[in-house]
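Reading through the structure tokens given below for one structure.
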Amino acid sequence: MWVRKRIDIGWFDLGFALFRCLVPGNTKVSIVDRCWRDSRHPFTCLSVRSGFDILLQALNLPAGSEVIVSAMTIDGILKILEKHHLVAVPVDLEFDTLAPAVQDVAEAVTDKTRLILIAHLFGTQVDMEPYAEIAHQHGIRLVEDCAQSFRGMPHGQRDVSDIAMYSFGPIKTGTALGGAVLSVADRTLIKDMQQIQENYPRQSRSFFAKRVIKYCFLKAISYRFPFRLFLFAMKILGKNYNRILKNSVRGFASDELFKRLRQQPSAPLLHLLRRRLGHFDRQRLQHQIDLGELLVDHLSHQFQLPGIQTLTHHFWVFPVLTDNPQVLIEHLRKKGFDTDQRGSMVVVESSSDRQTRLTPTTHRILDKAVFVPLYPAMSRRTINRLARAICHVAATKTPHPTTPFPVNDACVHTAPESLAQDT
């Protein structure tokens, strides 16, 4: 059984993290800041949610200010906006790019708008230039959420935004089991953010050590044979393994969200984050991209695959749309591929007093998407086998958002021989 997502960290890194938990002494965030490469100023913090919360504290926007957001995000971002008495104004996603329609963003701007928050979803990279032009025209700040799109040091590649937020949480690419870096253009703003964080308590070493041990266990059971044993044990115990896995990677419990968010990163976390940034494996990521492109090639003529026309895509997750998600999930599990829906993603519902903005495409993507396994440990032969398993289930009959989508019982547009070869 191929687990749905394997943690992107090696055993040597985990051993290093445990060692750093035993070494006394405090460490400043500057050890990470100094190795960050971007044209803007780095701000290292506990998580993207922590950084976003600090950013909003530093901006101190008037209550009722509006924040234009991509219509799909994580629930934690919405809770932070609510905490600061800000109004989320969602803009529906375009199917082929997973980006908010530029014209819709422009039309959503009012005299109450203070921020535009664009998310790069599922490993895609959105062209930020059009949104930067809108933000500049109206004198508002542009923030990009890069939590799902890290592919190495930015090196100023996307510095058109005022703030870019990068996550290194447990299931992210290049994970350090926590931590985040915000690239901030405004030097005065970043000084205010630093002052806020310096007043926070520091996350304890013991907390981070327990986290490392937990993810050692989760990494151990993510290999195929141990995962089968884990599934068997959960079945004997009458436990829902899916719920257990989801709860195990949840960052912060809802009832203690802001207590946990408002902490400085611990010293071992900072050391691990610096190590992970310095040893980022671009070749490994390229292998994942190659596997994703192979799966796209097999499925794109028969299945709806959101986001495949973006500038670049490293397939952090791989969603396949179907009218019968549960049927596909059950079939793939029988074929040895663990799959799931949604995760922590939610559709942003309009909370504005003005006319509600509809988000039909975003709803359809999240409701009908099945996230299939895809990561560097898999081979081309495994991806071919996954494609065959997906194609065994009837293709989706949901029409494409802009053009009719043909329904055909032939599963794959490529020659059958290509699915049998490990090329």
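The values are calculated or read from the model by the stated rules, or taken from the named source; none is laboratory data. Keep in mind that this is a model prediction, so the values were computed, not measured. Don't worry about glycine lacking a Cβ; one is built from the backbone with ideal geometry, like all the others, and counts go over all protein chains shown. Ligands, DNA and RNA are excluded from the accessible area calculation, which covers all protein heavy atoms including side chains. Shrake-Rupley method; radii C 1.70, N 1.55, O 1.52, S 1.80 Å.
Figures for the structure shown
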item	result
Helix-only CD estimate at 222 nm, as mean residue ellipticity for the chain, using -39500 (n - 2.57) per DSSP H run (n ≥ 4)	-12500 deg cm²/dmol
Projected-area average for the chain over all orientations - Cα convex hull basis, square nanometres	20.4
Over segment 68-111: Rg over Rh, Cα atoms, Kirkwood Rh	1.01
Scattering curve values for segment 282-325, log₁₀ I(q)/I(0), Debye with Cα scatterers, q = 0.33 Å⁻¹	-1.31
Solvent-accessible area per residue, Å², over the chain with all protein chains present [probe radius 1.4 Å]	44
DSSP bridge orientation in segment 83-182 - percent antiparallel, rounded to nearest 5	35
Positive-end extreme of charge dipole, segment 1-144 - chosen from Val126, Gly25, Ile80 (charges on Cβ)	Gly25
Label point 7 Å beyond Cα of Met153 along Cβ direction - residues of segment 268-290 with amide nitrogen under 15 Å	274-282
Bridge type composition, segment 1-157 - antiparallel percent by DSSP, nearest 5	5
Positive-end residue of Tyr200, Phe258, Ile244, charge dipole of the chain with Cβ unit charges	Ile244
Kirkwood Rh, Cα atoms: Rg over Rh of segment 102-172	0.99
Above-threshold pairs, the threshold being 22 Å between Cα atoms, out of Lys172/Lys239; Lys334/Lys368; Lys28/Lys246	Lys172/Lys239; Lys28/Lys246
Mean Cβ count within 10 Å, highest first, over the residues of peptides 330-338, 240-248	330-338, 240-248
Additional length obtainable on full extension of the chain from Asp192 to Arg224, 0.36 nm per residue less Cα span	6.8 nm
Proximal aspartates and glutamates relative to Lys235, as straight alpha-carbon distance under 19 Å, when same-chain residues fewer than 8 apart are discounted	Glu330, Asp338, Asp340
Heavy-atom accessible surface of segment 91-153: percent carbon and sulfur, 1.4 Å	43
Within the chain: Cβ-based charge dipole about Cα centre, in debye rounded to nearest 20 (Lys, Arg +1; Asp, Glu -1)	2380
Given charges at Cβ of Lys, Arg, Asp, Glu: segment 232-388 dipole, positive-most of Leu305, Leu272, Leu294	Leu272
